[in-house]
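A.B. asks: I am attaching a structure below and will ask some questions about it afterwards.
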Amino acid sequence: MTDSHPNRVESAAGEARFNRLLNTLKQAVGAVILFGPPGAGKGTQARGIGRRLGVPHISTGDMLRLQVSAGTSTGRDARAIMEQGALIPDDWVNHMVETRLREPDCRGGFVLDGYPRTRGQAAALDKMLSNNGTQMKVFNIVVGYNEIIRRTTGRRLCPRCGTIYNIYVKPPREPNLCDRDQTPLEIRIDDREDVIRERIQAYEKQTRPVIEYLREQKQAVYEVDGSLPPEKISEQLVEILTAP
Ligand SMILES: [Zn+2]
């Protein structure tokens with residue numbers, strides 16, 4: 001048997017056809033962008049959609065953390081900025097995303113997580129996408145203030161084994177005691193109500209203007225009810241994304 005075996009040629013042609021079909025499908029998915037306050041489950045949804053539609057999930061936070069843990073010079077700079085609680089400059093994040101979107105697996109379809117975060121980033125993304133004709137699909141996961149507070153402040157952590165509970169959604173069998181080792185549960189520092197209020201305010205201040213910017217650009221923004229169970233939200237997102 002040689003390399004020019006007819007079946008091999010045929011399967012190569014079949015594979016090329018399959019890849020073209022896959023790319024057409026991805027083109028239809030476009031650039032998926034998710035907005036939502038802390039506790040809305042954005043990260044989970046972004047990962048889920050990526051998996052279900054077979055497109056990459058691109059998280060700028062993950063990319064930066066990877067650089068930090070790899071200890072590259074970029075990572076060291078990123079760590080210094082993040083440790084001061086400051087935002088990574090737009091130019092930097094834009095460049096990172098633009099480079100990632102040039103990879104072949106992004107051709108037409110991908111889910112963005114944590115980007116764009118400012119008007120400047122939204123404008124840069126708009127330019128990147130219109131350069132290659134990729135459509136944006138923007139979702140805003142809407143969760144009421146009280147629901148966010150309930151979800152995040154209801155969280156309890158076992159300091160011994162790390163199990164996470166939620167006194168409203170997933171309570172321990174006995175009040176405030178870990179099911180596994182009966183250790184008294186604790187509240188994480190960043191889940192304290194005053195910290196959550198601050199995180200929500202930061203979100204409102206940063207993200208509202210980005211959504212406004214996109215609407216000014218005549219971009220449709222689909223609102224999704226974030227009080228639904230995660231599987232329901234995921235179903236709605238996929239339904240909208242795969243609608244003809
Ligand atoms: Zn425990």
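The values are calculated or read from the model by the stated rules, or taken from the named source; none is laboratory data. Only a predicted model underlies this, so the values are computations on that prediction, with no experimental measurement involved. Glycine gets a Cβ as well: all are built from the backbone with ideal geometry, and neighbour counts include every protein chain shown.
A.B. asks: Looking at segment 143-179 only, could you name the residues that are of a type in the set (Phe, Trp, Tyr) and out of contact with any strand residue (DSSP E or B) (no Cβ under 9 Å at 6 or more places or on another chain)? Can you show your working first?
C.D. replies: Step one: filter segment 143-179 for residues of a type in the set (Phe, Trp, Tyr), giving 145, 165, 168.
Correct list: Tyr145, Tyr168.
A.B. asks: While we're looking at this one, here's another question. Restricting to segment 62-91, name every residue that is surrounded by fewer than 16 Cβ atoms within 10 Å (Cβ to Cβ), modelled with pLDDT of 85 or more and either among the aromatic types (Phe, Trp, Tyr) or closer than 25 Å to Gly109 by Cα (or both).
C.D. replies: Selection gives Asp62, Leu66, Asp91.
A.B. asks: Now for a different question. Is it fair to say Lys137 is away from the ligand (no atom under 16 Å from the Cβ), in a helix (DSSP H, G or I), at pLDDT 90 or above and not hydroxyl-bearing (Ser, Thr, Tyr)? Full working, then the answer.
C.D. replies: Working: away from the ligand (no atom under 16 Å from the Cβ): yes; in a helix (DSSP H, G or I): no; at pLDDT 90 or above: yes; not hydroxyl-bearing (Ser, Thr, Tyr): yes.
The answer is no for Lys137.
A.B. asks: From the list Gly133, Gly71, Gly114, pick out the single residue that is at positive phi and touching a strand residue (DSSP E or B) at 6+ places or on another chain (Cβ under 7 Å). Quick ask: steps written out before the conclusion?
C.D. replies: Details: Gly133 fails: touching a strand residue (DSSP E or B) at 6+ places or on another chain (Cβ under 7 Å); Gly71 fails: touching a strand residue (DSSP E or B) at 6+ places or on another chain (Cβ under 7 Å).
Exactly one of Gly133, Gly71, Gly114 is at positive phi and touching a strand residue (DSSP E or B) at 6+ places or on another chain (Cβ under 7 Å), namely Gly114.
A.B. asks: Search segment 168-183 for residues being of a type in the set (Asp, Glu) and part of a loop (DSSP other than H, G, I, E, B), and hand back the single one that is surrounded by the most Cβ atoms within 10 Å (Cβ to Cβ).
C.D. replies: Asp179
A.B. asks: Next up: Counting just the residues of segment 182-191 that are of a type outside the set (A, V, I, L, M) and out of contact with any Cys (no Cβ under 6 Å at 6 or more places or on another chain), which one comes out farthest from the ligand (Cβ to nearest atom)? Step through it out loud before you land on a result.
C.D. replies: From segment 182-191, those of a type outside the set (A, V, I, L, M) are 182-184, 186, 188, 190-191; that's our starting set.
Subsequent filtering for residues that are out of contact with any Cys (no Cβ under 6 Å at 6 or more places or on another chain) retains 182, 184, 186, 188, 190-191.
Working: Gln182: 8, Pro184: 10, Glu186: 11, Arg188: 14, Asp190: 20, Asp191: 17 Å.
Ranking the qualifying residues of segment 182-191, first place goes to Asp190.
A.B. asks: Which ones in segment 209-231 are without any contact (Cβ under 8 Å) to a residue 24 or more places away in the chain and either part of a loop (DSSP other than H, G, I, E, B) or under 17 Å from the mean Cα position of the chain (by Cα) (or both)?
C.D. replies: The answer is Lys218, Leu228, Pro229, Glu231.
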